[in-house]
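The values are calculated or read from the model by the stated rules, or taken from the named source; none is laboratory data. Remember, it's a predicted structure, so these values are computed and weren't measured experimentally. Counting neighbours? That spans all protein chains shown, and the Cβs are built from the backbone with ideal geometry, glycine included. For accessibility, only protein heavy atoms count, side chains too; no ligands or nucleic acids. Shrake-Rupley method; radii C 1.70, N 1.55, O 1.52, S 1.80 Å.
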Amino acid sequence: MNINSSLSVFRGVTRNPVTVTVAYRVVPGREAEFHSWGWGVLRATAQEPGFLGGGVLVDGEAEWHVVYRFTSEGSALAWDNSVERADWQARGETLARETGRRTVRGSKAWFESLTENPSATAAAPRPPPKWKLWFVNMSAVFPPVLIFNLLVLPYLGDFNPLIRTLFLCLAVTAIVTWILMPRLQRFFKKWLYPPLQAIRGRHKRRAAQG
């Protein structure tokens with residue numbers, strides 16, 4: 001992993017810096033969302049006093065780590081116990097489950113966390129092009145709209161147009177949100193996020209060679 005891609009790796013030298021590594025098991029198909037979430041956490045962490053740096057690391061198919069470093073154990077605990085961190089944790093509950101936490105002191109541990117997984121990534125993924133998002137959204141919306149227009153709406157001809165339209169919107173958005181879109185995102189994830197998939201592919205090849 002390129003150490004320079006970490007967020008503000010050093011802002012100063014302290015005697016007792018603390019490095020916190022939090023492990024997560026990511027829900028299959030939600031890797032890109034978790035990656036963006038992890039960097040959102042780090043951007044929020046960077047606003048706290050004593051923050052030195054951080055990164056988002058990939059280790060295996062679904063094992064991820066969010067690593068951050070503070071000048072002291074007190075400043076790290078202040079962030080861990082903050083309301084803002086609790087809010088970020090709540091946002092990430094649908095993306096991953098926390099599986100472990102490790103806190104180490106000293107400078108050596110920081111460099112080890114950055115170099116022990118050379119295939120890990122610390123760069124936030126770029127969002128897909130808008131035309132790709134349009135295609136996926138269209139693929140999710142068109143089938144239920146077509147089915148409702150052909151099979152359901154003819155039986156609602158006596159209803160007020162406003163009621164018919166509201167019923168159509170409620171039904172289609174529910175089907176798209178909870179049924180079609182999650183499946184389409186998993187199906188098209190390699191197409192939507194090729195850089196992230198390439199990184200994971202390199203990791204698998206290196207693991208197999210090792």
(message) Show me the helices (runs of 4 or more DSSP H) found entirely inside region 49-167 where at least 2 residues are loosely packed, with under 15 Cβ neighbours inside 10 Å and at pLDDT below 80.
(response) 107-115
(message) Suppose the filter is at pLDDT 75 or above, open to solvent by 70 Å² or more (accessible area, probe 1.4 Å) and part of a helix (DSSP H, G or I); does Leu180 pass it?
(response) no
(message) Residue pairs, Cβ under 7 Å, 6 or more apart or interchain, first in region 158-181 and closer than 21 Å to Phe135 by Cα and of a type outside the set (Ser, Thr, Tyr), second assigned to a helix (DSSP H, G or I) and open to solvent by 50 Å² or more (accessible area, probe 1.4 Å). List them.
(response) Val172/Val141; Val176/Val141
(message) Quick check on region 25-46. Is at least one of its residues modelled with pLDDT under 90, over 13 Å from the mean Cα position of the chain (by Cα), under 21 Å from Gln185 (Cα atoms) and not basic (Lys, Arg)?
(response) no
(message) I'd like the full set of residues that are open to solvent by less than 50 Å² (accessible area, probe 1.4 Å) and at pLDDT below 85, limited to region 183-201.
(response) Phe188, Lys189, Leu192, Leu196, Gln197, Ala198, Ile199, Arg200, Gly201
